[in-house]
1. Look at region 173-197 and say how many of its residues are more than 19 Å from Gly133 (Cα to Cα) and either among the acidic types (Asp, Glu) or assigned to a strand (DSSP E or B) (or both).
2. Return the residues of region 121-137 that are more than 23 Å from Ser195 (Cβ to Cβ) and not acidic (Asp, Glu); say none if nothing qualifies.
3. Hey, does region 158-174 have a residue that's within 19 Å of Ile105 (Cβ to Cβ) and small (Gly, Ala, Ser)?
4. Which condition does His150 not pass, out of (1) of a type outside the set (Gly, Ala, Ser); (2) modelled with pLDDT of 95 or more; (3) in the same structural domain as Ser210 (by TED's automatic domain parsing), if it passes all the others?
5. Considering only residues that are in contact (Cβ under 8 Å) with a residue 40 or more places away in the chain and among the β-branched types (Val, Ile, Thr), which ones fall in region 158-186?
6. Name, by its number, the condition in (1) over 24 Å from Gly216 (Cβ atoms); (2) outside any strand (DSSP E or B); (3) touching a strand residue (DSSP E or B) at 6+ places or on another chain (Cβ under 7 Å) that does not hold for Pro106.
7. Any residue in region 40-64 that's at positive phi: show its pairings with residues that are of a type outside the set (D, E, K, R) at Cβ separation under 7 Å, as long as the two are six or more apart or on different chains.
8. Those residues that are in contact (Cβ under 8 Å) with a residue 40 or more places away in the chain and exposed (fewer than 15 other Cβ atoms within 10 Å of the Cβ), I need them from region 187-212; list them, please.
Amino acid sequence: MKRMIRIGHLFPLLISLLCLTAGFASCTSEDEGYTYPPLLSEFADVCTDEAGLFTHLLTDGGERLSIVNSAEIKADSVTPDTIYRTISRYERVEDGIKLYSMQAIPASPAVKAEAFADGVKADPVEMQSLWRGGSYLNMILLVKSQNKRHSFRFVQDSLTTSPTGTRILRLRLSHDAGDDLQAYTQKAYLSLPLSPYSSLLLPGDSILLSIPTTRGWEQWARRY
């Protein structure tokens, strides 16, 4: 069974690849006559084998795609037989995908507030987007920062049943900016694993996520 790596900080390690290509859409350079491949960019799980090679990518839609250029990928501190949660950019090819870049992103399961030795942190963020993707709740946050690490964790406040029988999972985002300056806005990509709730929630149940903002705590709702 593969081990899932959970990363709880902002701006983690970027995995560098040989033959790195920029761009998200297909385009042609008139000077060089070269057509850049159409790249897809999405949240995905990327898996290593027992030798520490990145062998395949698992999309949130349930596809398992072989990485055809795994021998070209250069990365530090890679754990064998492990699943990494990532933002990945890749091109679909005949036998799978050609992976151009990936960034490991925070994907820690929610814990009770009592697990926070220094308490739940509420440094402000803004929500850009929030959606259910497979067994994850994915989000893109806008964060004021300069050059220091920020810590993100999810808090499970309660799991209750409404009078109509719908179950409601209430969560909070803990954001610790430390002593970083609010110099400019960066994007933070996070995934909350929903697999711990697979036996507790049903389709149609509710997930309520509260995030700290400059206006106080704001709540976002999504269906399980």
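The values are calculated or read from the model by the stated rules, or taken from the named source; none is laboratory data. These numbers were taken from a predicted model, which means no experiment stands behind them. FYI the Cβ positions are ideal-geometry reconstructions off the backbone, even for glycines, and counts take in every protein chain you see.
1. From region 173-197, those more than 19 Å from Gly133 (Cα to Cα) are 174-186; that's our starting set.
From what's left, either among the acidic types (Asp, Glu) or assigned to a strand (DSSP E or B) (or both): 174-176, 179-180, 184-186.
Within region 173-197, residues that are more than 19 Å from Gly133 (Cα to Cα) and either among the acidic types (Asp, Glu) or assigned to a strand (DSSP E or B) (or both) number 8.
2. Taking region 121-137 and keeping what is more than 23 Å from Ser195 (Cβ to Cβ), we get 121-126, 128.
Passing the criteria: Lys121, Ala122, Pro124, Val125, Gln128.
3. Checked against the condition, which is being within 19 Å of Ile105 (Cβ to Cβ) and small (Gly, Ala, Ser), region 158-174 yields at least one hit.
4. So His150 meets the others, but not (2).
5. Selection gives Thr166, Ile168, Thr185.
6. Among (1) over 24 Å from Gly216 (Cβ atoms); (2) outside any strand (DSSP E or B); (3) touching a strand residue (DSSP E or B) at 6+ places or on another chain (Cβ under 7 Å), Pro106 violates only (1).
7. Final answer for the pair search is Gly52/Val78; Gly52/Pro80; Gly62/Gly134.
8. Lys187, Ser195, Pro196, Ser198, Leu200
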